[in-house]
1. Return the FRET efficiency for the residue pair Val77, Gln234: r is the Cβ-Cβ distance, R0 is 51 Å, and the value is rounded to the nearest 0.05.
2. Provide the FRET efficiency to the nearest 0.05 for the Ala267-Ser137 pair, computing r from the beta carbons and using R0 = 41 Å.
3. Summing -39500 (n - 2.57) over the DSSP H runs of n ≥ 4 in the chain and dividing by its residue number, what mean residue ellipticity at 222 nm do you reach, to the nearest 500 deg cm²/dmol?
4. Using alpha carbons only, how many angstrom separate the centre of the stretch 59-84 from the centre of the stretch 199-216?
5. In the chain, how does Rg compare with the Kirkwood Rh, expressed as the Rg/Rh ratio over alpha carbon atoms?
6. Considering only Ala259, Ala70, Ala165, give the residue with the highest GNM mean-square fluctuation for the chain, with springs between Cα atoms whenever their separation is below 10 Å.
7. Return the lysines within reach of Lys121: Cα separation strictly under 16 angstrom, same-chain partners fewer than 8 residues apart disregarded; answer none if there are no such residues.
8. Roughly how tilted is helix 184-197, in degrees to the nearest 10 and between 0 and 90, from the longest Cα axis of the chain?
Amino acid sequence: MSRILTRRSVLRLSAAGTGLFVAGRYFTGTTFAAPPPLEQQDTYTIGFAQTDLNNPWRIAESKSMQDEAAARGYTLVETNANEDTAKQIADVKSLIAQGVDILIFPPRESQALAPVVMEAKAAGIPVILIDRDVDHSIAAPGEDYVTFIGSDFIDQGRRAAEWLAEATGGEARIIQLEGTTGADPAIDRQQGFEDYLAGMVQGSPTPDGPIAGMEIIASQTGNFTRDQGREVMQTLLQANPDVTAVYAHNDEMAIGAIAALQEAGRAPGEDVTLVSIDGSNAALDAIVDGTLGATVESSPFFGPIAFATMDQYIAGEEIPDWVKVEDRFFDESNAAEFQGTQY
Ligand code: AHR
C-alpha cells in the first residue's frame, strides 16, 4: 500500500476526528455525504465476509466471488460466519482492521450488520453489499455504502404467491417456512407473499382484491436450511394435517419439507402443492419429478456483477442505490431445459 497521503488516508484521519478538511462531496462538515472513494490501483484486496457455507446457494456465491477475483489477479480475503451473526460482525471488524481495500459481502441480518457498515465507512473502506441489504434507517446506500446488488425479494414472494394461487385455484391451506429471522430476504419474501394474498402488490390494491380461499395456517422459520426445513415441517404437519400447500422461502427448506411430507405418508406435488425460491439444481430435479411445483430464481452468481460495479465505482461513475438482479421462473414448463445448469 502506498505511503503517500492518499484520499483514503485523509478520510481515515478525518474519521478519527483530526478535523482535517476534505473538499468536495465526500465531507459535509459533520458527516461524510458519500462512501469513501476507491483509487485506481494495479490490484486490490477485497474482504468477503460470507454468512455460512452450509448450502449449495452459499457455496455457489462464494465460488462466483473466488472465480472473479482469481480471473483479475485480485486477493480475496474470505471469512465464514457459520450462520452466526455475531461472528459475521466480528469478521467484518477484523477485515476492517486488516485494511482491505474494499468490503463486498452479504449481511446475514439487516439491522445487526448495519453498524459495521458504518464502521467501514469511518475507516475509509468502501462497502458493496451483495445478495442481502442492511436497514436503511441505520446505513444508507449511496451515502454510507456504495450500493446494494441483489434481487427484488418482495417481488419474489409475490411471484410465488401468484403461481400458487393459479395452481390451487385460489384454495389453499398454507404452511410458510420462513428464512433466517431478521434477514431481509425472509422479511421481504414473507411480505410479498402475504401482501398478494391480502390483495396488495407493492402497497397498491390488486383489481381482484384479497384471495379469500388462501390461508396461511402456520408460519415458522426453518433458517434457510434443509435440515431445519424438514424438522419444522415435521412439527407443523402434526399440528396441521389439513395442510394443502407449502411456501418455503428457499429451495433447501422446500426439499426438507418434501422429505417430511413423504415420511408422513403424504404425496408432495399431489395432495400438497409446494412453491419456493432460489432455482437450485435440486429444485429443478424436484420439479421434474413432480414433488415441487415451481421456484422463483434468486441468483447466487454475484462475482461478475460485484466486480464490474467496483470498476464503475473506481472510475467515478454514478452507481444506483440498488443494482437490481432480474430473476427467472422455473416450473414444469421449463425445469427440464435448465436441469443441471444451476448449482
Ligand atoms: O440471501 C439469499 C438467500 O440466502 C437464499 O435464497 C438462500 O438460499 C440463502 O441462504
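The values are calculated or read from the model by the stated rules, or taken from the named source; none is laboratory data. Treat the numbers as computed from the prediction; the structure is a model and nothing was measured. Glycine gets a Cβ as well: all are built from the backbone with ideal geometry, and neighbour counts include every protein chain shown. Note: accessible area is taken over every heavy atom of the protein model, side chains too, but ligands, DNA and RNA are not part of it. Shrake-Rupley method; radii C 1.70, N 1.55, O 1.52, S 1.80 Å.
1. 0.80
2. 0.35
3. Value at 222 nm, helices only, nearest 500: -11500 deg cm²/dmol.
4. That distance is 40 Å.
5. So for the chain, dividing Rg by the Kirkwood Rh gives 1.03.
6. Greatest mean-square fluctuation among the candidates belongs to Ala70.
7. Lys93
8. 40 degrees
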